[in-house]
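A quick write-up on the structure given underneath.
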Amino acid sequence: MPADRHDFPALDRLTADVAQAMRAAEAADAAPRARWWRRTPPLAVTLLALAVPSAVALHATTGKGQERGVHVFRCDGGTTVGAAAVLLTGVASVGRCSATPQRGRIVYRCALPGTPGLSRTAGSRAAAPVRRPCA
Amino acid sequence: MRLDADTLAQLFEAEGPKLLAFATRRTFDAEQALDVVGEAFATAFERRSKFRGATREEAVGWLYAITRTVLDHQFRRRGVERRALQRLGVEPPPMGEDERRRVEDLAGLADLRAAVARELANLPAAQRDAVRLRVVDELSYDDLAARLGITPDTARARVSRGLRALTAAITPMQEAIDAR
């Protein structure tokens, strides 16, 4: 019966006080979560922080920065390195394999002498790797 | 239905007067009833995540259930607890005499008081005296027993029977007014 409200000033005041306190308490409950999100770096920043050093390391070992792109390459040890895996396995994988740009293709050579290397046509993800002997 | 501060504030605004009248019919004191209603809303806010209802009617029913719980605690402790209100940092405001009268009118307290007096007069004299000494004079059972020259256990039994008879007579009246 809202029409009666004007007859009850103490109830009106209590209603307003409780409503204000509830809203303040709710905002205070939500605040720590918001602060936590502000403190935590966004996922994209985290991925970039991992990707940039990995990419630089890979760039340095793949022939003067002329490579066309590294999607997936495989060493004889059976290690498959994808874009995400590069981030995780990073330096270890790069240390074992090297990529040399050639006309129209990228040749990945294993670091161990006497083991065959692999090559694939640059720009074609679907192209099957071509086995080439290591130099 | 999700109960947040805004929803509860709206419910408080819409249902506050009815809840105040409901509590006044049970405390026979408008100011005490205001404490009860404030405590009930503060408690509802603290327990809002436990509300499982889907409709506004269920939310209102849930508020009445909490108000009954606060009233039960008040009767058991002989005073209104304001713990939830204190945690919210709210102090119930004092109620003026005019407002108190209006709340008592809304609650139909005059009829209820007359009914209590009538039922009290109808009690056996031993029970009536025991109830008066216990409820009005607030004597302990030991003092009450000493005053009436009976054992404390007998005093408890007389008060208990007398209050049960009064409750049986008054409750249907309270519920009839609640339903209006």
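Only the coordinates and a few stated rules stand behind these numbers; no lab work does. Remember, it's a predicted structure, so these values are computed and weren't measured experimentally. Here the Cβ is made from the backbone with ideal geometry for all residues, glycine too, and neighbour counts use every protein chain on show.
Once both labels are modelled 7 Å past Cα along the beta-carbon direction, what's the B:ASP105-B:ALA179 spacing in nm?
Spacing of the two 7 Å Cα→Cβ label points: 2.6 nm.
Once you have the Cα-Cα distance between B:ASP98 and B:ALA65, take 0.36 nm times their residue separation minus that, and quote the gain in nm to one decimal.
Between B:ASP98 and B:ALA65, full extension yields 9.0 nm more.
GNM, chain B, Cα, under 10 Å: largest mean-square fluctuation among B:ASP72, B:ASP143, B:ASP35?
B:ASP143
So how far apart, in nm, are the two label points at B:GLN10 and B:ALA115 if each is 7 Å from Cα heading toward Cβ?
Going from the B:GLN10 label point to the B:ALA115 one covers 3.4 nm.
In sequence order, what are the phi-derived ³J(HN,Hα) couplings for the range B:16-31 according to the Karplus relation 6.51 cos²θ - 1.76 cosθ + 1.60 with θ = phi - 60°, rounded to whole Hz, with x for glycine and proline?
x, x, 5, 5, 5, 5, 4, 6, 5, 5, 9, 9, 6, 8, 5, 5
Give the shape of the range B:1-107 as rounded, prolate or oblate, defined through the alpha-carbon gyration tensor: a ≥ b ≥ c are the square roots of its eigenvalues, a/c under 1.5 means rounded, and otherwise the shape is prolate if a/b is larger than b/c and oblate if not.
The shape class here is prolate.
Multiply the residue gap between B:LEU163 and B:ARG47 by 0.36 nm, knock off their C-alpha separation, and tell me the result in nm, one decimal place.
Stretched out fully, the B:LEU163 to B:ARG47 stretch lengthens by 38.5 nm.
Is it possible to state the helix-based mean residue ellipticity at 222 nm for chain B, with each DSSP H run of 4+ residues giving -39500 (n - 2.57), the sum divided by total residues, to the nearest 500 deg cm²/dmol? What is it?
For chain B, the value works out to -24500 deg cm²/dmol.
In which sequence would A:MET22, B:MET173 go, from the one with the fewest C-beta neighbours within 10 Å to the one with the most?
Ordered from fewest to most neighbouring Cβ atoms within 10 Å, A:MET22, B:MET173 come out as B:MET173, A:MET22.
How do the peptides B:22-32, B:84-94 rank, highest first, by the average count of neighbouring beta carbon atoms within 10 Å per residue?
Answer by packing, highest mean first, reads B:22-32, B:84-94.
Could you grab the relative contact order for the range B:109-180? Cα pairs under 8 Å, six or more apart, rounded to a whole percent.
38
So if I take the centroid of the Cα atoms in the range B:124-180 and the same for the range B:22-97, what is the distance between those two points in Å?
Their Cα centres are 25 Å away from one another.
Need one value for B:13-20: mean number of C-beta atoms belonging to other chains within 10 Å of its residues' C-beta atoms.
5
Measuring from label point to label point, each 7 Å out along Cα→Cβ, what is the B:ASP143 to B:ASN122 span in nm?
Spacing of the two 7 Å Cα→Cβ label points: 3.1 nm.
Enter the mean number of other protein chain beta carbons within 10 Å of the beta carbon of each residue in A:18-30, as an integer.
Counting Cβ atoms of other protein chains within 10 Å of each residue's Cβ and averaging gives 6.
Considering amide H positions built from the backbone, and no H for Pro or chain starts, which residues 5 or more places from B:LEU123, or on another chain, come under 5 Å of its amide H?
Distant-sequence amide H within range of B:LEU123: zero hits.
Kindly put B:SER160, B:SER49 in sequence by how many other C-beta atoms sit within 10 Å of each C-beta, fewest to most.
Fewest to most other Cβ atoms nearby, the residues stand as B:SER49, B:SER160.
Calculate the mean, over all residues of peptide B:91-104, of how many other protein chain Cβ atoms lie within 10 angstrom of the residue's Cβ.
Taking the mean over all residues of the peptide, I get 3.
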